[in-house]
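Engineer: Let me give you the structure first, and then I'll get to my questions.
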Amino acid sequence: MSECQKCGECCRRIMIGTDLPDELAELMAVHFGRPINRIGMEIEHRCRNLGDDNLCMDYHNRPDYCRKFMCNNPGALMVKVKM
């Protein structure tokens, strides 16, 4: 996990994903011309605890999902959903 860049991305989107079975990962790599080992959905939103400074206003009580959030996952293919 990398150091926080204070970009607020973890508070602006929820990503739900799953690892692909090997045969589907191979098919996706052929279609997209790069390795794809995960597929997921990205939901754009704004967390009510995101401050104007892009920092969490309830940092010490944030959920595990927020603690583990990774801004970039180069091996994933994401589908964006606006809500």
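Engineer: Within the set of pairs 6 or more residues apart or between chains, which connect a residue that is in contact (Cβ under 8 Å) with a residue 24 or more places away in the chain inside segment 3-27 to a residue that is loosely packed, with under 12 Cβ neighbours inside 10 Å with Cβ atoms less than 6 Å apart?
Structural biologist: R12/R46; R13/E44
Engineer: Out of all the residues in segment 27-83, which are assigned to a strand (DSSP E or B), touching a Gly at 6+ places or on another chain (Cβ under 9 Å), at pLDDT below 90 and among the aliphatic types (A, V, I, L, M)?
Structural biologist: I39, M41, A76, L77, M78, V79
Engineer: Return the residue satisfying two criteria in turn: it lies in segment 35-54 and is within 14 Å of I14 (Cα to Cα) and charged (D, E, K, R), and of such residues it is nearest to the chain's Cα centre (by Cα).
Structural biologist: Taking the candidates together, the pick is E42.
Engineer: Residue pairs, Cβ under 7 Å, 6 or more apart or interchain, first in segment 33-52 and closer than 25 Å to E23 by Cβ, second in a strand (DSSP E or B) and acidic (D, E). List them.
Structural biologist: Once the first residue is closer than 25 Å to E23 by Cβ and sits in segment 33-52, its partners that are in a strand (DSSP E or B) and acidic (D, E) give N37/D19; R38/D19.
The values are calculated or read from the model by the stated rules, or taken from the named source; none is laboratory data. This structure is a prediction, so every number in the text was calculated from the model and none was measured. All Cβ positions, even for glycine, are placed from backbone atoms using ideal geometry, and neighbour counts span all protein chains on display.
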